[in-house]
Amino acid sequence: MSLYDLMHSLTADSMRSVGGFEGELVLCATIVLILLLRIPRLTSRIDSFYVMLVGSAVALYMAGPWHPVEQPSQLFTGLLINDTFTVYFRTLLLFFAVLFAIFTRISGVPDRDAAPDVYALVLGATLGMCIMASANNALMIFLGVEMASVPSYALAGLLKGRRQSSEAAIKYAVYGAGTAGIMLYGISLLCGVLGSAHIPTMGVRLAELLQPANLEAGVGLDTHMVLALGGLMVMVGLAFKLSAVPFHFWCPDVFEGASAEVNAFLSVASKAAALALLARVAIGFGYIAPPIETQAEEQVALFNVADEPAQQPETKEQEAKPPAEEEEVLLVEEPSGSAAAFSPLADRAEQIAALAPARDYLAWVLAFMAMITCTFGNLAAYGQTNIKRLLAYSTIAQAGYMMMPVPAAMVLAGSNPAAAQGAIQAMVFYAGAYLFMNLGAFAIVAFLRNVLLSEEIEDYAGLIRRAPITVICFSLILVSLIGIPPLAGFVGKFQIFSALVQAKLWIVLLVAGLNTAISLYYYLRVVKTMTIDPEPETRRPVSMSFIPGTYVVLVSVPLLILGIWPESLNALARMATGQLF
Amino acid sequence: MDPVSTLPVLLGLAWLVPLASFTLIVLFGPRMGKAGIGAGYLATGAILTSAILSSFSLFFVWIPAYDMPEPSHPVAADSAHGGAHEAEVHDEAAHKEEHGDDDHGEQHAESSHGEHDGGHAHFDKPEIAGEWYTLGKFGSLRITIGYYIDSLTVMMFAMVTFIATCIHFYAIGYMHDELHDYVDHEVTLEDGQHLHRPGRFHRFFQYLSLFCFSMLGLVIAGNIAMVFVFWELVGICSYFLIGFYIERKSASNAANKAFIVNRVGDFGMIIGLMVIFATLGTFAFGDVDADGDGTPEPGIFSQVRSPENDYALVVPDGVIKAAAASEIAKGVEATPEQIQSWREDMEPGGVGRWAYWLMIIAGVGIFCGCVGKSAQFPLHVWLPDAMEGPTPVSALVHSATMVAAGVYLVGRFFPFFVPEVLLVIAIIGCITLFVAATIAITAVDIKRVLAYSTVSQLGYMMLALGVGGWSAGVFHLMTHAFFKSLLFMCSGSVIHAVHTNDMTHMGGLRKKMPWTAYTMLVGCLAIMGAGVPFTIGLSGHYSKDAILAQAMSFEAANPMLGWLFYVAAAGAAITAFYMFRLWFLTCAGEPRDKHRYDHAHESPKVMYVPLVILAVMAVIVGWSIYGTPVGIQKLLEQARPMGILTTAHGALLTDLVHPDEHLSHLEEFHVASTWYATLTGLAGLGLAIVFYGVRVLNPAEVANQFKRVYKFLVNKWYFDELYNVIFVKPVLLVSSRVADFDKKVIDGLIDTLAIGTRMIARLDDMIDRYFVDGLINAFAGWTYAVALWFRGAETGRLRQYVMFIVLGTVVLFILITFYLSAPLAPSLSTLEGRP
């Protein structure tokens, strides 16, 4: 392939890829616009809120699910993948960005001076999250995580005057840097062993490595430990983003230190993106996605610069292998074509079967992590007196619930892909419902902070007599977080539990059920404080004004609607997971 | 305007407007204006809207759209009538102008062909049937909100809404006491005080609106199931309205009585409904295309009288199949030929006979409901008691509309009734009219006299229908509605003035309240059927003549049943007598109670203007619209169900003959019956004048002379006592025994069980308290401790946190090494359950 051909096909590929990347491009343009507008004196008067709002709305329009994606397509020589799953999460993130913009406008944080910075950061992080959701390459995983994290560190330190805030930002940054390092190490291990950074290719290589013939013959056993360690280290990075135990330590401190607005952003957007990435990684390494038919063969060939190193482990194996086995492995040689063609196991079903140990491993690690995350989050929330801290632990616990369908899907993928899809669908649904729950919760916390000048739970006592609608909405949100019908949280949780039942993960199910019972206590304690407890006499008069009240109602009513008619979101979730298995 | 598309909308709107008013009053009634006076205006406005819509439908949509049936040429085809007479046709000349002689001759020729041809074979009855909404589908059973509109429906709409509007206006005046706190002088509390309660003005109009909605729904109903629903709705409205003064014992008793007695009738009706559905498989009256395949499914009427059979009543296939169920079960094919042979099998024990019996059962069942609602013997006892309700209610619900619903349903369902059923109807009607009329003679409560009069007139209508006089009966229903509501409202006006119902305390009121007195006189004349024979008369004149003529025609055909006619004629005399007794006692003569007379005054305008309007209507409704042949009778001819204009013979009682209704127009009957009606009416009037007008005879003395008869009548033929002994007492006895059993045996058992349960519960409680709770508390305490410990891990020191990253990774890895060091390969897959 000559340089010209290479350049030509690269250009063609990029031009083609832009079509699936419009939303992100709009985000980039918006960021640039916000930053540029600050420079001339005239335009610096323009309120960056509107730029943010319009930019994210346009991006949402460009990337929304109303542009149907018939076939998944790999973008930019396979770095990213654009399928319905990407579309769903991108929509979710951009929709959140729109809601978030309005929310910050109402709550008044950030103020006008800080707004361009904050919005640029938020949009930048959102861009990173979109990349996380569509990552198809180990490098993009890292890049996405970092792109999402670095602006978040700055956001955590948004309240410049507050020492606590700055401290939180520092902690977050250092912690993030540590886990990022570990993840990067893990990625390099995996890529080194599997000889590629393209996740589907890595999956195929892994299948080849783990095929029963090799295992029985003891071929490649030495790499298993490396792979396991690499996988674990990647998980550490993801666990950090998900605030899963034991990599959650940053979470309560950051949530307490940062403003409620930033918390809403971190708890919803960041978590949704991390979940999407988790699902992508798990499926990438534990399952072989259906081959992409309409793709130009060219571009895959093009990106297979990794073709050469890919031969190395194989040759090693060949060396290590007793000669008798040789013929079998030599079936490999199929010159080019789709990712599946690399494998000696030409049949996709065989590849999937061969990946069983990888799935077991992932299921095991993730189930374990989910269980302790959930339990820890719920238990630690018990004694909290600060609402933001309480919600921080709540988000930890919720992350545990949301992780659970992934091991279920791993268990089911080999024997029953439809059920595995159902499991991921449960996760996707919950992520959608979670957007409203946590955005609503933090919005209320922010609005109450503006009125009460406090974020202590005891200051909410008897609030129902002053701001009944807000309290009712807050109660609705908390009850939905517990997962009680007829609210969206219940539907999501129910779907998760039923996925666990299908996967026969009884212990996980038991732990999740027990945790739901445990969580009743601290969520309802807040409700009780707001409704039953007498008002403190010293409190200054409280009144919620109309616009925040409306916003709160608008955000919490979908919980009820989705709880009673879950089919709309369910259909989206089904659409989102349709191309994964 | 196209009636097929506009009428359902217009009448549907007219039907639903009162419902809207009801809903609004239920929600906001007490807050409408001062003391809820707005509710009155709202309800009145609603019914006025309905009245305008209905009248518009009648005069500007229906009448212009459909031709009137051609004048009839009654031909005495039946031998029972002896020689044929020259037909008496009212507007024969007009007919001749319209149609050529050829046409004329052809009709004659056709009439003489078939026995079933009454001269109307050419005229297709205009009707509009359809459905608005399907409530539910259960197998083949469809419950729908449908409509069946013919000229009877439209006329009923116009009549009901018109009278209801008058009564709403009247009620605004009549009920004004309810606008402020009300002292009920008829209720004495334990402390000797009269009951004080808040006014219920809005509630009264709320019920009235609901009633209007229900009544109109009953009229427009497109299927018998919907009729039943609205039938019960008017029943419940009647219950609410009778019991309006709920604190009065008598009122609440009367309400209960009305309700329970009506349920007895409804029981029969449900049996009828079940037979109809089980055999015909539909509830719909008309042919409605329900499944949308373009061909309408036959309704009840066209199954019973299908066009293929020239609309003659033939036992439908469905009934035959039901009757032959055992044959079909044996494997006999139900081919058309087989069905025909079954149908003809009228021997005792034959299938056709059994099917005919099913028709009788269904018909009598439906009629049972009508007996209850229209207060026919033996269920007539509730209506006089129902006068406990406010007078506007008596005028609207218990004279003009709801009680007439029974007659309306018999009229509506007429095509379904075999001659034997009609005979039952005639006999019941005849007994009712006589019994009620005699009781009315001795009653002294002004409203009770009118109530018995209502019962008696309803009996007339039933009799008319039962002897085959479809249009006569329904015509009387229309005219009666006007003059009886007028009479009730007059009596209400009188009661309003003198604050008593007892006629012995009235007298001479015509000087004090002329409007009331003279409109009442018009009502009395109308109900008596006053008029100049063969020239002109008040509305009652025409309808009563028609009934008597048909009864006479029936008598000529069935000499054995001649007494039906003579009783009816005697009833006419009694009617005139008691009506004028009422008028003389209240309005003429000297005041018998000076005190009450002095305080009496004419009612306010809002009350007497409706009286005048209704009085005018009572005079003219029998006439045709000026300059056209269109009148109620014409419209009724147009509404006459297909195929009933024929001479029908009983199948079981083979001697029974129901003569063609047009035969009653023969001079033989028409002239004679007119004289009968006039003379009996005058005789009654004369007697009344003799007793109460010029007082030649003292009523008390006469009563004394016929002491036993008098007592019998004053005690209302002892019906209440009789029912008390044979129904109420035994029921009370049984229920008290059952209550005893319940109290002693069943309660004792339950108490024992309860004690046992309590002991077990106490044991449970101990276990729960000391064992389960202990465990839970221990668990909770442990959880909390762990939680606090977890919290403690969150030290906030960055150095520690970074340590934790490393530690976490290492710990996880160590854990995973355990997992990995287990024999790796195939055994791993067991987790997934793969082979």
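The values are calculated or read from the model by the stated rules, or taken from the named source; none is laboratory data. Because the structure is predicted, anything quoted here is derived from the model rather than measured. Positions of Cβ are generated from backbone atoms using ideal geometry, with glycine treated the same way; all protein chains shown enter the neighbour counts. These area figures cover heavy atoms from the full protein model, side chains too; ligands, DNA and RNA do not enter into them. Shrake-Rupley method; radii C 1.70, N 1.55, O 1.52, S 1.80 Å.
The requirement of being part of a helix (DSSP H, G or I), modelled with pLDDT under 90 and either of a type in the set (F, W, Y) or under 30 Å from B:Y784 (Cβ atoms) (or both) is not satisfied by A:Y551.
Each row is one residue, and each column tells you yes or no for (1) over 27 Å from B:L788 (Cβ atoms); (2) among the acidic types (D, E).
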{"residue": "A:N416", "(1), (2)": "yes, no"}
{"residue": "A:A420", "(1), (2)": "yes, no"}
{"residue": "A:M437", "(1), (2)": "no, no"}
{"residue": "A:F442", "(1), (2)": "no, no"}
{"residue": "A:E455", "(1), (2)": "no, yes"}
{"residue": "A:V479", "(1), (2)": "no, no"}
{"residue": "A:L487", "(1), (2)": "yes, no"}
{"residue": "A:G492", "(1), (2)": "yes, no"}
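Listed by position, the helices (runs of 4 or more DSSP H) enclosed by the stretch B:292-340 that each have at least 2 residues that are in contact (Cβ under 8 Å) with a residue 60 or more places away in the chain and under 21 Å from B:I276 (Cα atoms) are B:300-304.
Flag not set for B:G119, criterion: at pLDDT 85 or above and surrounded by 23 or more Cβ atoms within 10 Å (Cβ to Cβ). Within the stretch A:157-164, the presence of a residue that is within 12 Å of chain B (Cβ to nearest Cβ) and in contact with a Phe, Trp or Tyr (Cβ under 9 Å, 6 or more places away or on another chain) is excluded.
Given (1) at pLDDT 90 or above; (2) within 14 Å of another protein chain (Cβ to nearest Cβ), identify the lone condition not met by A:K171. Condition (1) is where A:K171 drops out.
Inside the stretch B:793-809, residues that are assigned to a helix (DSSP H, G or I), open to solvent by 50 Å² or more (accessible area, probe 1.4 Å) and either more than 7 Å from chain A (Cβ to nearest Cβ) or modelled with pLDDT under 80 (or both) make up a count of 5.
Only one of (1) under 20 Å from B:M579 (Cα atoms); (2) modelled with pLDDT under 85 fails for B:H499. Which number is that? Every condition holds for B:H499 apart from (1). Is the stretch B:534-545 home to any residue that is at pLDDT 85 or above, within 22 Å of B:S453 (Cα to Cα) and of a type in the set (D, E)? The answer is yes, given that some residue of the stretch B:534-545 is at pLDDT 85 or above, within 22 Å of B:S453 (Cα to Cα) and of a type in the set (D, E). Residue count for the stretch A:92-120 satisfying the condition of being at pLDDT 90 or above and either buried (at least 22 other Cβ atoms within 10 Å of the Cβ) or not in a helix (DSSP H, G or I) (or both): 12.
If I filter the stretch B:725-744 for residues that are part of a loop (DSSP other than H, G, I, E, B) and polar (S, T, N, Q), do I get at least one hit? No: the stretch B:725-744 contains no residue that is part of a loop (DSSP other than H, G, I, E, B) and polar (S, T, N, Q). Got at least one residue in the stretch A:253-272 being open to solvent by 10 Å² or more (accessible area, probe 1.4 Å), within 14 Å of chain B (Cβ to nearest Cβ), in a helix (DSSP H, G or I) and touching a residue at least 60 places away in the same chain (Cβ under 8 Å)? Checked against the condition, which is being open to solvent by 10 Å² or more (accessible area, probe 1.4 Å), within 14 Å of chain B (Cβ to nearest Cβ), in a helix (DSSP H, G or I) and touching a residue at least 60 places away in the same chain (Cβ under 8 Å), the stretch A:253-272 yields at least one hit. All told, B:L27 falls short of being at pLDDT 50 or above, at negative phi and open to solvent by less than 40 Å² (accessible area, probe 1.4 Å).
Checked against (1) crowded, with 22+ Cβ neighbours inside 10 Å; (2) more than 12 Å from chain B (Cβ to nearest Cβ), A:E350 passes all but a single condition, namely (1).
Entry remark, the stretch A:225-251: residues being at the interface with chain B (Cβ under 8 Å from one of its Cβ atoms) and open to solvent by 20 Å² or more (accessible area, probe 1.4 Å) number 4 in total.
For the stretch B:644-693, a tally of residues being among the β-branched types (V, I, T) and open to solvent by less than 30 Å² (accessible area, probe 1.4 Å) returns 7. Scanning the stretch B:613-631 for residues that are within 28 Å of B:H496 (Cα to Cα) and either free of Cβ contacts under 8 Å to residues at least 40 places away in the same chain or open to solvent by 70 Å² or more (accessible area, probe 1.4 Å) (or both) yields a total of 2.
Residues that are closer than 30 Å to B:A588 by Cβ, among the basic types (K, R) and open to solvent by less than 90 Å² (accessible area, probe 1.4 Å) are absent from the stretch B:694-708 altogether. Residues that are of a type in the set (G, A, S), touching a residue at least 60 places away in the same chain (Cβ under 8 Å) and open to solvent by less than 10 Å² (accessible area, probe 1.4 Å) within the stretch B:543-587 comprise B:S543, B:A549, B:A551, B:S553, B:A568, B:A569, B:G571, B:A572, B:A576, listed in sequence order.
Residue count for the stretch B:590-612, restricted to those that are under 31 Å from the mean Cα position of the chain (by Cα) and surrounded by fewer than 18 Cβ atoms within 10 Å (Cβ to Cβ): 3.
Condition check ((1) touching a strand residue (DSSP E or B) at 6+ places or on another chain (Cβ under 6 Å); (2) open to solvent by less than 10 Å² (accessible area, probe 1.4 Å); (3) within 11 Å of another protein chain (Cβ to nearest Cβ)) across all residues:
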| position | (1), (2), (3) |
| --- | --- |
| A:S415 | no, no, yes |
| A:Q421 | no, no, no |
| A:Y430 | no, yes, no |
| A:G440 | no, yes, no |
| A:I444 | no, yes, no |
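In the set A:Y382, A:Y361, only one residue is of a type in the set (S, T, Y), at the interface with another protein chain (Cβ under 9 Å from one of its Cβ atoms) and in contact with a Ser or Thr (Cβ under 9 Å, 6 or more places away or on another chain); that residue is A:Y382. Can you tell me which residues in the stretch A:471-499 are among the polar types (S, T, N, Q) and open to solvent by 10 Å² or more (accessible area, probe 1.4 Å)? Selection gives A:S475, A:Q495, A:S498. If you go through the stretch A:174-184 and keep only what is touching a helix residue (DSSP H, G or I) at 6+ places or on another chain (Cβ under 7 Å), open to solvent by 10 Å² or more (accessible area, probe 1.4 Å) and facing another protein chain (nearest Cβ under 10 Å), you end up with A:V174, A:G178, A:I182.
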